1. Working out 0.36 nm times the residue gap between residue 8 and residue 405, then minus their Cα-Cα distance, what length gain in nm do you get to one decimal?
2. Say each of residue 133 and residue 345 gets a label point 7 Å from the Cα, pointing the same way as Cα to Cβ; how far apart are those two points in nm?
3. Simple spin-label model, 7 Å along Cα-to-Cβ: residue 246 to residue 85 in nm?
4. Given the DSSP H assignment, sum -39500 (n - 2.57) over each helix run of at least 4 residues in the chain and divide by its residue total; what's the result at 222 nm in deg cm²/dmol, nearest 500?
5. If a helix is a whole DSSP H run, which ones in the chain reach 18 Å or further along their own axis (Cα) and hold a mean Kyte-Doolittle hydropathy of at least -1.0?
6. In whole Hz, with x marking every Gly and Pro, tabulate ³J(HN,Hα) for the range 326-335 from phi via Karplus 6.51 cos²θ - 1.76 cosθ + 1.60, θ = phi - 60°.
7. Cut-off is 10 Å between beta-carbons; in what order do 123, 193 appear when sorted fewest neighbours first?
8. Would you please put 218-224, 101-107 in order of how densely packed they are, using the mean number of other Cβ atoms within 10 angstrom per residue and starting with the highest?
Amino acid sequence: MFSEKEIQKIRNQFPILKERIYSNPLIYMDNAATTQKPLKVIQSSKNYYSTMNSNVHRGVHYLSHKTTLYVENVRKKIQKFIHAKHSSEIIFTKGTTESINLVASSIDAFIKEGDEIIISCIEHHSNIVPWQVLCKKKGAILKIISIYKNGFLKLTDFEFLISEKTKIVSISHISNVLGIINPVQDIIKKAHEYGALVLIDGAQVPSNLDLNVQNLNVDFYVFSAHKMYGPTGIGILYGKQKILEKLYPYQFGGGMIKNVSFDKKTTYSDIPFKFEAGTPNIEGIIVWGDAIDFVKEIGISNIQAYKKKLLMYAVKRLSSIDGIQLYGDDRNFSKKSGIISFNLYELHCFDVGSILDRLGIAVRTGHLCAQPLMNFFKVSGMIRISFSVYNTFKEIDYLFESILKTKKILLK
Ligand SMILES: *Cc1c(COP(=O)(O)O)cnc(C)c1O
């Protein structure tokens, strides 16, 4: 656990936290949408353009060698970070969304009419729509695992749905709405018994859980840099080597070919480059490397333990408010990360969010990119707060007071 002094030291690394919003101090509680960036990351971006900028993999000149080396070092850093076997199993993409689209598009040749794909009703739209499109294209069938009122997946549903017809199971590791940590290890094991491949949407995971893709024995794992203190527009697809080698490329062009010819067959590079057509987000990759260092310096288990304390304190305070409805309110905190979604009486979530904004608190409102989950709870939207390592207990107290104030204003 961090002392107040240590938290202040961490906060000092985030210049944006000194901003004032309508003359109130910024209280940033929208970390599940994107986290703020520490000085190390901001400086890394400046440093890249000041000392390194050039294209990778193609030049013989000094700077091109340098950026290539840095980019490939970050690939190795991510390999170690998630405990992958080979660095070639790390494909750079725009982020979680593109990674899922890559798999759903490249796996196309292995899906036929009548095959089945299983997802759950808590998924982010990014882990729903690509599968809907694939199913429509191939005449495959999308099957949905439901949840209990407390937000936990109905594993009995999963056991009922899985069969030899199942080709892919795609589930989020941590729900971006409820913060629930899903039992992905059990799901992966069961799916493999039926020969299905498993993709885990880990967008909410890095810097929250210690990730080991080999222990999970997962086939594909995806996440973005920007939810772990890194830049936007960069993320990865992890895939097992043998599977990635079999998949068809996702996009075509420079960087992903071996030979291009009008007479003979055009041939493609080996992984990872087969899936990285065009100039990559070089800056994003290199800066991400520094965000990973930032996370490692603080320590994932420290971040996790601190955020759990914030979560427990916030649940305790918020649940005491009259008329508040916390969704997926299961107090099994070992299976939750620092996310709370709620509504206040019948008030519209946008109204609540707007008043909190006026008071300096940044929260997310609306369907949270999970309309099927909103339908499950029979609401059109929710208010979501999500914590990061720079949030404080004092901020939670201020949030509590602000919600009371909001109630007073809106219920008049
Ligand atoms: C944020 C998020 C995504 C989408 O990530 P992008 O970085 O926007 O591509 C997908 N799934 C979950 C669970 C998320 O939290």
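Read-outs throughout are calculated quantities, based only on the coordinates presented, and are distinct from any laboratory measurement. Given the structure is predicted, the values throughout are model-derived calculations rather than measurements. With ideal geometry, Cβ positions are generated from the backbone for all residues, glycine too; neighbour counts draw on all protein chains shown.
1. Difference between extended and current length: 140.2 nm.
2. Simple spin-label model gives 4.3 nm for this pair.
3. The modelled label-to-label distance comes out at 1.4 nm.
4. Helix contribution divided over all residues of the chain: -12000 deg cm²/dmol.
5. In the chain, the long hydrophobic H runs are 62-82, 282-298, 300-318, 393-410.
6. With coefficients 6.51, -1.76 and 1.60, one gets 8, 8, x, 7, 9, 8, 7, 5, 5, 10 Hz.
7. 193, 123
8. Answer by packing, highest mean first, reads 218-224, 101-107.
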